[in-house]
Every structure is written in structure tokens, then in C-alpha cells.
Amino acid sequence: MINKENYQTLTAALQPSKTTLVAVSKLKPASDIQALYDLGQRDFGENYVQELVEKQGQLPDDIRWHFIGHLQSNKVKYIAPFVHLIHGVDSYNLLKEINKQAEKNGRVISCLLQIHIAEEETKYGLDEKEAMELMERVEANPLPNISIEGLMGMASFSDDANKVRAEFRNLKALHHVLKQSYFLANDSFKILSMGMSGDYEMAIEEGSTMVRVGSLLFGNRG
Ligand SMILES: *Cc1c(COP(=O)(O)O)cnc(C)c1O
């Protein structure tokens, strides 16, 4: 079951800033995705490779599929033929594998670097220094079938609005620094993927260009 009212409220809220909505459909049935598609939604986000591949086979071809989970190198090949944007890249080896699979499919695959901005401990995401080092490596060893288009981050799950806001600001600031340092020659580093059901309004205020919203549209995942 989708929440049509929330969808309309959300799309209206995103319109002035032209923020892209990625509807996060993980663990939800294909029929829910189809229902939102019928209202005009085209960008959908999934966290699990097998689930994404199954849904992709059942649903319309013009859906733009975003992979937003943690991607293991050995599974890149399953999504490489069709994935629109991979949000969670946090190592050179993963970039290298995506490049290899993109080449096999005759494509250039768009990626975002995942930055660790939250206080919570997690294995995933780069800090500022690691992001710089990764970019240095990419500059020294170009990957022609990859396009690094921006950054993705998840703020802390916290009621402390100041803390969440500060984390979004840090991500935006890093986006600016990397853009100045590595992307002056072209115009490709434009995406700032931040904001979820609980914090998308603040994320937009802080410069998000892409929000990833699940439970507000599809209900809780239980
Ligand atoms: C699940 C998920 C979301 C959506 O979370 P909601 O709180 O349901 O909106 C966004 N981003 C990532 C990376 C996720 O894993």
C-alpha cells in the first residue's frame, strides 16, 4: 500500500528546489512500485541486489533504478546492465569492478561516493581524508566507464536537529571542496544525495539535490 497523500505533499515540497525524489522500495512488493509509477514516479531505490534484479525484470523499462545499499564487488555484474546510479561507493576496488562490468555492458555507470557523516559507528562510508585519497587514486588511474557524479550520506538517527543539520552541512562542504579540487574541468559533480523520511526537509534546506524516501511513501518496513 502506498500513501498517495504523502507522495503528493512530498513532490510539491521538492518542486521549488527541483530536488530529485528517489522512492526507496526495499522490502516492498512490485505492486507498490507499480502504483507509485502510475502516479508518475520514475526513480526508485533498492538496497539488495537480488531483490532489485527480480523487480527490474517485472516492472516497466523506463524506471531509473538506484542502488542505495552496500554493494559487494562480486554482485556488481548483476546490476551493471541496467542500474541508473550507484549511491554507496566507498572503495577504489569497488569502483574498479563497476568500471569493468560497465565496460562489458558498453556503458558508463554513474556513481556517488558514500561519506560517513553520522556519529553512529558503521563500516560503510569514507571520511574526508579517505574521500580525497580515493579521488587522487582515480585521477592517477582513470576509470573510463565510471562517472563520479557526487556524494551520498546518511545523517545520525537523532532528535537533535542541530546535530543532524551540522552533519548535512559537513557533507555539503565536502562536496564543494571535492568539486573545486577534482571536477573543475567538467560539470559532472552535481549530486548531493542526502535526506530520508525523517529529515528530508532539513536536507533540502542544506542543499540536497536528491532525497531517498521510503517509509513516508510505502509505510514502515516492519
Ligand atoms: C532505507 C534507506 C532509506 C529510506 O529510509 P526511510 O527512513 O524509510 O525514508 C534511505 N537511504 C538509505 C541508504 C536506506 O538504506
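The values are calculated or read from the model by the stated rules, or taken from the named source; none is laboratory data. If you're wondering where the values come from, they're calculated on a predicted model, not measured in any experiment. Don't worry about glycine lacking a Cβ; one is built from the backbone with ideal geometry, like all the others, and counts go over all protein chains shown.
Residues in segment 201-222 that are near the ligand (Cβ under 8 Å from one of its atoms), part of a strand (DSSP E or B) and not basic (Lys, Arg): VAL213 alone.
Check whether at least one residue in segment 157-171 is surrounded by 14 or more Cβ atoms within 10 Å (Cβ to Cβ), modelled with pLDDT under 95 and over 23 Å from ALA23 (Cβ atoms), and report yes or no. Yes, segment 157-171 contains at least one residue that is surrounded by 14 or more Cβ atoms within 10 Å (Cβ to Cβ), modelled with pLDDT under 95 and over 23 Å from ALA23 (Cβ atoms). Residues in segment 1-28 that are surrounded by 12 or more Cβ atoms within 10 Å (Cβ to Cβ) and either of a type in the set (Asp, Glu) or not in a loop (DSSP other than H, G, I, E, B) (or both): 13 in all. Residue pairs whose Cβ atoms lie under 6 Å apart, sitting 6 or more positions apart in sequence or on different chains, and linking a residue in segment 195-222 that is more than 19 Å from LEU151 (Cα to Cα) to a partner that is within 8 Å of the ligand (Cβ to nearest atom) and assigned to a loop (DSSP other than H, G, I, E, B), are SER215/SER197; LEU216/SER197. Working only within segment 130-150, note down all residues that are of a type in the set (A, V, I, L, M, F, W, C) and part of a strand (DSSP E or B). The answer is ILE146, ILE148. In segment 151-171, is there at least one residue being within 11 Å of the ligand (Cβ to nearest atom), part of a strand (DSSP E or B) and out of contact with any Lys or Arg (no Cβ under 9 Å at 6 or more places or on another chain)? Looking for residues that are within 11 Å of the ligand (Cβ to nearest atom), part of a strand (DSSP E or B) and out of contact with any Lys or Arg (no Cβ under 9 Å at 6 or more places or on another chain), one finds at least one in segment 151-171, hence yes. The single condition from (1) assigned to a loop (DSSP other than H, G, I, E, B); (2) touching a strand residue (DSSP E or B) at 6+ places or on another chain (Cβ under 8 Å); (3) surrounded by fewer than 21 Cβ atoms within 10 Å (Cβ to Cβ) that LEU184 fails is (2). With respect to being more than 27 Å from ALA12 (Cβ to Cβ), within 16 Å of the ligand (Cβ to nearest atom) and touching a residue at least 12 places away in the same chain (Cβ under 8 Å), TYR124 fits the description. When segment 182-195 is examined, which residues are found to be out of contact with any helix residue (DSSP H, G or I) (no Cβ under 7 Å at 6 or more places or on another chain) and away from the ligand (no atom under 13 Å from the Cβ)? Those that are out of contact with any helix residue (DSSP H, G or I) (no Cβ under 7 Å at 6 or more places or on another chain) and away from the ligand (no atom under 13 Å from the Cβ): PHE183, LEU184, ALA185, ASN186, ASP187, SER188, LYS190, ILE191. With respect to the stated conditions, GLY198 fails to be within 16 Å of the ligand (Cβ to nearest atom), out of contact with any helix residue (DSSP H, G or I) (no Cβ under 6 Å at 6 or more places or on another chain), at positive phi and not polar (S, T, N, Q).
Quick check: anything in segment 74-91 within 19 Å of LEU126 (Cβ to Cβ) and of a type in the set (Lys, Arg)? No, segment 74-91 contains no residue that is within 19 Å of LEU126 (Cβ to Cβ) and of a type in the set (Lys, Arg).
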